[in-house]
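Everything on this sheet refers to the single structure shown next.
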Amino acid sequence: MSLKEVLEELKQEAITKISESDSLAQLNEIRIQILGKKGSMTEVLRGMKDLTPEMRPVVGSLANEIRDVLSEHLEGKKAELELKAMNKALAEETIDVTLPGKTIKTGNSHILTQTMQEIEDIFLGLGYKIVEGYEVEQDEYNFERMNLPKDHPARDMQDSFYITEELLLRTHTSPVQARTMEKHDFSQGPLRMISPGKVFRRDNDDATHSHQFHQIEGLVIDEHITMGDLKGTLEVLLKKMFGEERNIRLRPSYFPFTEPSVEVDISCFKCGGKGCNVCKHTGWIEILGAGVVHPRVLEMSGIDSTKYSGFAFGLGPDRVAMLRYGVNDIRYFYQNDVRFLNQFNVKG
Ligand code: DAH
């Protein structure tokens, strides 16, 4: 076979190989096999030295021509394979924006926090300010200024954890009344406040008692405040919390810091008043204590009781949440079991 024929055959073989290759790596291999230092084309060209001087330019230009043709084929195939690879990558990496995303689990406020915030929002809407009290409180504010002197029998119901003789974990949020009243400047307008927070009692814990729970204290003081204002305010609160169809009922009661004092009930939101297990078959649910602020309480905090009067109330958000969500044991709120708490993740 002449060198020319060898070259022609080599060309045909190379063209076939190039056209059959299906990856860039393979194509590169082929390029090296043909045009590389030890490639077949190079090999053939090396044999040129054995040719006659007349044949050399002929074979030489043929070889150059073939090399150009093959280079062109290689380039063409390379472009084709690169395009294919790019299209494949584009197809594979397509993002389906309609697929549901991965939800990131977020925590949520404790259900008691949510309940208290809801109540706070209602009172903010009524023009009240929110006041924070002290969890460690003086006997003077917790009891004395609330008209519960040292020997008062009502102190028995509110035994607490004492830090010293005169310092204790507050048993109710009522001391915030005294702390707010003594600072209030009536030239700036009436006093309207609520104070949510933790309170503590030496209670034996059971389904409805916890040594730590929450209260929201409410206090309004101005000229001419009456029981009627109290009733209207509580009606707004309880209807917003338990539904517009609810009725409220005031029953006479006793608290040392209010006179008169009342216990406030709402008509049962489950049975509508007919009687069921939630309302213990009475049709009514006891929800908070309230009353007209005792003149002595006003005077002890430096307020002229002949000019000013007010109402106060104490509400238990734990009890509100238990009633609203059908939680039958107050201790669930304090055990921090996520299986319980996650049920109130309204954000999802
Ligand atoms: N401090 C009372 C308690 O813990 C609740 C209470 C009742 C607060 C009547 C008040 C009120 O402000 O007027 O049992």
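Electrostatic tally near Leu27: other residues with Cβ closer than 13 Å to its Cβ, Lys and Arg +1, Asp and Glu -1, net -1.
Which value at 222 nm does the chain reach when only helices count, each DSSP H run of 4 or more adding -39,500 (n - 2.57), with the total divided by all residues and rounded to the nearest 500 deg cm²/dmol?
-12500 deg cm²/dmol
Would you kindly calculate the mean projected area, averaged across all directions, of the convex hull enclosing the Cα atoms of region 1-110, in square nanometres?
Numbers: hull surface 43.7 nm².
Projected area, direction-averaged: 10.9 nm².
Counted over region 139-295 with a bin width of 5 Å, the fraction of Cα pairs per bin, in whole percents, is 2, 8, 15, 19, 19, 17, 12, 6, 3, 1.
Amide H contacts for Val199 (H built 1.01 Å from N in the peptide plane; partners 5 or more residues away or on another chain; cut-off under 5 Å): Phe213, His214, Gln215. Mind pulling the angle between the C-alpha long axis of helix 111-125 and the longest principal axis of the chain? Nearest 10 degrees, somewhere in 0 to 90. It is inclined by approximately 70 degrees. Within the shell of other residues whose beta carbon sits under 14 angstrom from the beta carbon of Gly283, the net charge comes to +3, with Lys and Arg scored +1 and Asp and Glu -1.
Output the antiparallel fraction of DSSP beta bridges having both residues in the chain, as a percent to the nearest 5.
Working: 43 of 45 bridges.
Here the share of antiparallel DSSP bridges comes out near 95 percent.
In the distance distribution for region 176-231, Cα-Cα pairs more than 18 Å apart total 50 percent. When the alpha carbon coordinates of the chain are projected onto the principal axes, the ranges are 135, 46, 40 Å, largest first.
Selection among His214, Gly232, Asn204 by position relative to the dipole of region 200-247 gives Asn204 as farthest towards the positive end (Cβ unit charges, Cα centre). For the chain, the longest principal axis of the C-alpha atoms and the axis of helix 55-92 are separated by about 20°. Near Asp206, once Lys and Arg are set to +1 and Asp and Glu to -1 for all other residues with Cβ below 13 Å from its Cβ, the sum equals -1.
Loop only by DSSP, 12 or fewer other Cβ within 10 Å of the Cβ. Give me the GluC sites (Glu not before Pro) in region 1-110 that pass, ordered by residue number.
Working: sites: Glu5, Glu8, Glu9, Glu13, Glu20, Glu29, Glu43, Glu54, Glu65, Glu72, Glu75, Glu80, Glu82, Glu92, Glu93; in loops: Glu54, Glu93.
For GluC sites (Glu not before Pro) across region 1-110 that sit outside H, G, I, E and B with at most 12 neighbouring Cβ atoms in 10 Å, the list reads Glu54, Glu93.
Divided by 2.2 N^0.38 Å, where N counts the residues, the Cα radius of gyration of region 228-277 comes to 1.25. Here the Karplus relation 6.51 cos²θ - 1.76 cosθ + 1.60, evaluated at θ = phi - 60°, turns the backbone of region 207-219 into coupling constants of 4, 10, 10, 9, 5, 10, 8, 10, 9, 10, 8, x, 8 Hz, with x for every Gly and Pro. Magnitude of the charge dipole for region 40-197, about its Cα centre and with charges confined to Cβ atoms of Lys, Arg (+1) and Asp, Glu (-1), is about 660 debye.
Mean separation of Cα pairs under 8 Å and 6 or more residues apart, divided by the residue count, gives the chain a relative contact order of 14 percent.
Over 20 Å between Cα atoms: which of Lys11/Lys88; Lys11/Lys78; Lys4/Lys49; Lys4/Lys78 fall into that group? Lys11/Lys88; Lys4/Lys78, as the Cα separations exceed 20 Å there. Measuring how big region 215-348 is from its alpha-carbon positions, Rg and Dmax come out at 17.3, 54 Å.
Distances between placed amide hydrogens fall under 5 Å for Gly291 paired with Val262, Ala312, all partners being 5 or more residues away or on another chain.
Where a number appears in this text, it was derived from the coordinates with a stated rule and is not lab data. What you see is a predicted model; the values in this text were computed from it and never measured. Because the Cβ atoms are built from the backbone with ideal geometry, glycine has one as well, and the counts that use them run over all protein chains shown.
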